[in-house]
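What follows is one structure encoded as structure tokens, with my remarks underneath.
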Amino acid sequence: MRAADVSSDITRVLVTEEEIRTKLDDIAAQVASDYDGKDLLLVGVLKGAVMVMADFSRALPTLVPMDWMAVSSYGAGTKSSGVVQIRKDLDTDLHGKHVLIVEDIIDSGLTLSWLLENFASRGAASVEVFALLRKPEAAKVVVHCKYVGFDIPTEFVVGYGLDYAEKYRNLRDVAILAPHVYA
Ligand code: PRP
């Protein structure tokens, strides 16, 4: 856990730092094989995906460019509003690129669904998704996700990039936030 003594804010650790590292190594090996010889571009979705992008990109055996998009649908609350705002667009022309969107979590799926639709007209050779975490029971729309780290229960989770009101992002593990924090 580390970072600070936040144990009273946490119900329990759900995915440890070690489990994340092992999973990222496995998925990086799979991605390296699947995209061998292809013009791969990683697109991270700020801010939550910063940690997973940093560790996943360095687990890849080859050099790979990355770009970032900042979108937000949650604000400071715990529920997706469904209204996605672009706060920073890509700097890269997607024409001919094999895009792999890197996300920390798929919750309702609304953010990614919107993003995939937004990318559809940008001329990429392919667009796929890697999400470290997914909440299958929270899905409001079906999103095809080629690479998934962990399917998790519908709990409010923080850490490893995930926040509540901008707090807890730099916890090393993924943990369930205690309800008294956000109730
Ligand atoms: C979080 C997360 C995903 C999205 C998933 O981002 O990083 O992008 O919510 O939720 P959904 O599947 O219900 O759409 P958020 O909007 O909280 O912004 P942040 O990454 O800056 O924390």
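In this structure the amide hydrogen of Leu133, modeled in the peptide plane, comes within under 5 Å of the amide hydrogens of Ile105, Ile106, Gly149, Phe150, none closer than 5 places in sequence on its chain. Scalar couplings 3J(HN,Hα) for the stretch 45-57, obtained by applying the Karplus form with A = 6.51, B = -1.76, C = 1.60 to θ = phi - 60°, are 9, 5, 9, x, 7, 4, 5, 5, 5, 4, 7, 5, 5 Hz; x denotes Gly and Pro. What's the long-distance tail for the stretch 17-152, i.e. % of Cα pairs beyond 28 Å? Beyond 28 Å sits 12 percent of the P(r) for the stretch 17-152. Farthest toward the positive end of the dipole of the chain, out of Thr22, Val84, Ala175, is the Cα of Val84, where the dipole comes from beta carbon charges about the Cα centre. Across the stretch 77-180, the mean sequence separation of Cα contacts (distance under 8 Å, 6 or more residues apart), normalised by length, yields a relative contact order of 22 percent. Taking every C-alpha pair closer than 8 Å and separated by at least 6 residues, the mean separation divided by the residue count of the chain gives a relative contact order of 27 percent. Taking the longest Cα principal axis of the chain as reference, the axis of helix 110-120 is set at about 10 degrees.
Projecting each Cα onto the charge dipole of the chain (Lys/Arg +1, Asp/Glu -1 at the beta carbon, about the Cα centre), which of Ser57, Leu41, Trp68 comes out farthest on the positive side? Farthest along the dipole direction, towards plus: Trp68. Site pair Ser121 and Thr62 shows an inter-label distance of 3.2 nm when each label is modelled 7 Å from Cα along Cα→Cβ. Ordering Leu133, Ile101, Thr111 by Cα displacement along the dipole of the stretch 90-133 toward the positive end leaves Ile101 in first place; charges were set at the Cβ atoms of Lys, Arg (+1) and Asp, Glu (-1). Cross-link partners of Lys88 among lysines, defined as those whose alpha carbon lies under 27 angstrom from its own and excluding same-chain residues fewer than eight positions apart: Lys38, Lys47, Lys79, Lys97, Lys135, Lys140, Lys146, Lys167. Put a plus charge on the Cβ of each Lys and Arg, a minus charge on the Cβ of each Asp and Glu, and nothing anywhere else: the dipole of the chain about its Cα centre is then about 320 debye.
Among beta bridges from DSSP that stay inside the stretch 17-152, the antiparallel ones total about 10%.
The angle between the Cα long axis of helix 17-34 and the longest principal axis of the Cα atoms of the chain comes to about 10 degrees, rounded to the nearest 10.
Values in this text are rule-based calculations from the coordinates and carry no lab data. This one's a predicted model, so the numbers in the text were calculated from it and none came from an experiment. Positions of Cβ are backbone-derived with ideal geometry, glycine not excepted, and every protein chain shown enters the neighbour counts.
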